[in-house]
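Contents: one structure, followed by commentary.
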Amino acid sequence: MTDIAIPKVAVTMLGLSASGKTSFTMSMFGAMSRGVEHYFLWSEEDGKQLLASWAKLLDTGKFPQPTDMTGFKYYDFVLNRGMGQGDVLQINWLDYRGGAIIDPSRASQDVPVLEKQLLLSDSVYIVLDGETLGKWVASQVDGTENGLAPVMDKLGVGHISQMLMPAVAKRRRELGKPPPSVVVLVTKEDRLAEVVEAPADLAMGLVERHLPELLPIAFSPGVQTLVTSTTLKAVGHGRLERCFVVPFVFTFLEFLRNEITVEEGFLDANDERHAANAEQLAILSRRFGRIVRSGRIRELSAEQRRIVGEAQRRRNKLVTLRQEAERLETELRGARIFDGGQPRRNR
Ligand SMILES: Nc1nc2c(ncn2[C@@H]2O[C@H](COP(=O)(O)OP(=O)(O)OP(=O)(O)O)[C@@H](O)[C@H]2O)c(=O)[nH]1
Ligand SMILES: [Mg+2]
């Protein structure tokens, strides 16, 4: 991995076996390695192997084997804006056997790997099988639907929530970190549209309407969520390839929004320190006047200069963070984003 000083995030996909995690990883890389909407993805270690697997799928139609217990794999991706602007985000990514999230035996090799990655994750991609969702939406439309429980079970909602909740609590308790942003990644969008017999966007509109009841964890207070769909059939189809960029742009934006909150908190605390110091300086100066330059006055004055210098550096950083966040917000205009279950006003 490179040692460039760009932000680093960890991401975990959470989805049952056959939900489409490995297919997304491969097809997304297949598209983004060539560049989609001025974004590129590269991986020094694994790029060639991922492209080879993707080429095999294109040539032979052979889908990847289900990932097994020992087949989990970390990827270090770098998101890049082309040679002129360079790298913008490092992404530590894990692909693993979906069975790990329903595995009751903690002896399986991949379960602790997944738990650790979840703890560190700044963003969690909840992977929902679009075909399963499509069948449920279609049954709603034709009036044969029999409640939420069976489809929630098929999508693994209970298991996903059971993995996520303890990880988020531990992340807050042990690392002092906020909850991860959430991307609800509806895969197999091609199948979703076929099953619902509607254009993909319309079908996704129907899915979106029901998601808060199907996946409450992604719409609970304090959680930032993007709902988006993807299909490996998008690769090579111009604007449709946008589905591979949007999740990363959202992950990056939410990471920056957290950074901005941290920086603003720092500057507030810094202002308070500056004001308290100034008060002490004023008291001492009144007491000793200009004649006696006490050591304490010199100390406090040096401290004031340090505080002001640090504040200037952090303010500059904040300006850069805000500019970058604004750019990403513009790129995400129209995306389905929710803050604590309420649609964000970006459409
Ligand atoms: N039509 C269609 N089928 C897809 C798509 N993505 C995945 N599939 C199908 O879904 C199957 C499972 O996909 P995988 O990517 O292997 O699923 P996974 O989540 O990695 O599964 P595990 O490794 O077992 O956890 C594939 O063999 C494909 O048949 C898609 O975009 N469109
Ligand atoms: Mg897999």
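Structure above, values below:
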{"quantity": "Single condition K317 does not satisfy, out of (1) more than 16 Å from ligand 1 (Cβ to nearest atom); (2) open to solvent by less than 80 Å² (accessible area, probe 1.4 Å)", "calculated": "(2)"}
{"quantity": "Complete set of residues in region 291-314 that are surrounded by 12 or more Cβ atoms within 10 Å (Cβ to Cβ) and part of a loop (DSSP other than H, G, I, E, B)", "calculated": "R293, S294"}
{"quantity": "Residue check for E279: free of Cβ contacts under 8 Å to residues at least 12 places away in the same chain and not assigned by TED's automatic domain parsing to the domain that holds S181", "calculated": "yes"}
{"quantity": "Tally, over region 181-203, of residues that are closer than 23 Å to V249 by Cα, part of a loop (DSSP other than H, G, I, E, B) and out of contact with any helix residue (DSSP H, G or I) (no Cβ under 7 Å at 6 or more places or on another chain)", "calculated": "0"}
{"quantity": "Test for G236: is it surrounded by fewer than 19 Cβ atoms within 10 Å (Cβ to Cβ) and touching a residue at least 24 places away in the same chain (Cβ under 8 Å)", "calculated": "yes"}
{"quantity": "Neighbours by Cβ (under 9 Å, 6+ apart or cross-chain): first from region 17-30, assigned by TED's automatic domain parsing to the domain that holds V157 and in a helix (DSSP H, G or I); second near ligand 2 (Cβ under 8 Å from one of its atoms) and β-branched (V, I, T)", "calculated": "K21/T67; T22/T67"}
{"quantity": "Inter-residue pairs, beta-carbon under 9 Å, first outside the structural domain of N80 (by TED's automatic domain parsing) and in region 41-55, second open to solvent by 40 Å² or more (accessible area, probe 1.4 Å), 6+ apart", "calculated": "none"}
{"quantity": "Top-ranked residue in region 243-275 [being open to solvent by less than 50 Å² (accessible area, probe 1.4 Å) and farther than 23 Å from I6 by Cβ; ranked as modelled with the lowest pLDDT]", "calculated": "N270"}
{"quantity": "Residues of region 46-84 classified as surrounded by fewer than 12 Cβ atoms within 10 Å (Cβ to Cβ) and either more than 19 Å from M32 (Cα to Cα) or at pLDDT below 90 (or both), total", "calculated": "7"}
{"quantity": "Residues (of a type in the set (G, A, S), open to solvent by 10 Å² or more (accessible area, probe 1.4 Å) and either away from ligand 2 (no atom under 13 Å from the Cβ) or touching an Asp or Glu at 6+ places or on another chain (Cβ under 9 Å) (or both)) located in region 11-42", "calculated": "A18, G20, S33, G35"}
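The values are calculated or read from the model by the stated rules, or taken from the named source; none is laboratory data. Given the structure is predicted, the values throughout are model-derived calculations rather than measurements. Don't worry about glycine lacking a Cβ; one is built from the backbone with ideal geometry, like all the others, and counts go over all protein chains shown. Ligands, DNA and RNA are stripped out before the accessible areas are found, and what is left, the full protein with its side chains, is counted by its heavy atoms. Shrake-Rupley method; radii C 1.70, N 1.55, O 1.52, S 1.80 Å.
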